[in-house]
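*Asks:* Please read through the structure below; I'll follow up with questions.
The values are calculated or read from the model by the stated rules, or taken from the named source; none is laboratory data. Given the structure is predicted, the values throughout are model-derived calculations rather than measurements. With ideal geometry, Cβ positions are generated from the backbone for all residues, glycine too; neighbour counts draw on all protein chains shown. Note: accessible area is taken over every heavy atom of the protein model, side chains too, but ligands, DNA and RNA are not part of it. Shrake-Rupley method; radii C 1.70, N 1.55, O 1.52, S 1.80 Å.
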Amino acid sequence: MRAVIQRVKYASVTINGAVKSKIEQGFLILFGAGEGDTVEDAELLAKKTAGMRIFCDENDKMNLSLADIGGSVIVVSQFTLYADCRRGNRPSFTNAAPPAEANELYEHFVKLLRDEYGIKNVQTGEFGADMKVELLNDGPVTIILDSDELKKPRK
């Protein structure tokens, strides 16, 4: 499972010309589930995401979490995070989880952020929709989380 976390000043998701979600300061998270990913992977990623301290404190050090700043989140499903570009110029997406499984894991990840980790404003895109995502990246700060990497012991 993969999440690309972007620290943003604002972000929005538009579908068919209508704004579905809009936040001020917080995270825009691009979320992808891979073949074989589990609920445990979603739980690991949600815990790490909620605790991520990438907002600046009074000393301009990245030391504050979403909860510390009262930040918001938009989570956008994105199977293209599992693009395999090793052969040719057209990516293969066979490593992405099947849509029904991916949607369940996506919904579980969102629910964990809301219910388990108390992020008050968690919004979403629409699974499988053609979305237009607008954001103002703050920093820029972009963090890539991969559940397989998070499970490995530190060297």
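*Asks:* Keeping all protein chains in place, calculate the accessible area per residue for the chain (probe 1.4 angstrom), answer in Å².
*Replies:* On a per-residue basis, the chain sits at 59 Å².
*Asks:* Taking springs between alpha-carbon atoms closer than 10 angstrom, which of Glu24, Glu107, Glu58 fluctuates most in the Gaussian network model of the chain?
*Replies:* For the chain, modelled as a Gaussian network with Cα springs under 10 Å, the answer is Glu58.
*Asks:* Please list the equivalent ellipsoid semi-axes of region 1-66, computed as the square roots of five times the alpha-carbon gyration tensor eigenvalues, in descending order and whole angstrom. Intermediate results must be reported in sequence, preceding the final value.
*Replies:* Numbers: eigenvalues 106, 89, 11 Å².
Over the Cα atoms of region 1-66, the ellipsoid semi-axes are 23, 21, 7 Å.
*Asks:* Ranked highest first by average number of other Cβ atoms within 10 Å, how do 119-131, 138-150 line up?
*Replies:* Put in order of decreasing packing, that is 119-131, 138-150.
*Asks:* Post the alpha-carbon centroid distance, region 1-54 to region 117-141, in whole angstrom.
*Replies:* A separation of 6 Å, based on Cα centres.
*Asks:* Once you list every other residue whose beta carbon is under 13 Å from the beta carbon of Val13, what net charge do they have if Lys and Arg are +1 and Asp and Glu are -1?
*Replies:* In short, 0.
*Asks:* Where does the Debye-calculated log10 I(q)/I(0) of the chain sit at q = 0.10, 0.14 Å⁻¹, using only Cα point scatterers of equal weight, no solvent?
*Replies:* -0.35, -0.69
*Asks:* Could I ask something else about it? In the chain, carbon and sulfur make up what percent of the accessible area (probe 1.4 Å)?
*Replies:* Working: 4380 of 9120 Å².
The nonpolar share, carbon plus sulfur, comes to 48 percent.
*Asks:* Okay, helix-only estimate at 222 nm for the chain: each DSSP H run of n ≥ 4 adds -39500 (n - 2.57), divide by all residues, round to 500 deg cm²/dmol; what do you get?
*Replies:* -6500 deg cm²/dmol
*Asks:* Moving on to the next point. Relative to the present Cα-Cα distance, how much length would full extension add between Arg154 and Asp57 at 0.36 nm per residue of separation?
*Replies:* Working: separation 97, 0.36 × 97 = 34.92 nm, distance 2.71 nm.
Additional length available on full extension: 32.2 nm.
*Asks:* Also: Which stretch or stretches of region 136-151 have amide N atoms under 20 Å from the point lying 7 Å from Thr80's Cα along the Cα→Cβ direction?
*Replies:* Of the residues in region 136-151, 136-138, 141-146 have backbone N under 20 Å from the label point off Thr80.
*Asks:* Per-residue HN-Hα couplings for region 13-20, Karplus 6.51 cos²θ - 1.76 cosθ + 1.60 at θ = phi - 60°, whole Hz, x for Gly and Pro?
*Replies:* Listing the rounded values in order: 10, 10, 10, 6, x, 10, 6, 8 Hz.
*Asks:* Helix 99-111: angle to the longest alpha-carbon principal axis of the chain, degrees 0 to 90, nearest 10?
*Replies:* It is inclined by approximately 10 degrees.
*Asks:* Output the Kirkwood hydrodynamic radius of region 69-151, Cα pairs only, in Å rounded to one decimal. All intermediate terms of the calculation are to be shown ahead of the outcome.
*Replies:* Values: mean 1/r = 0.0666 Å⁻¹.
Here the Kirkwood hydrodynamic radius works out to 15.0 Å.
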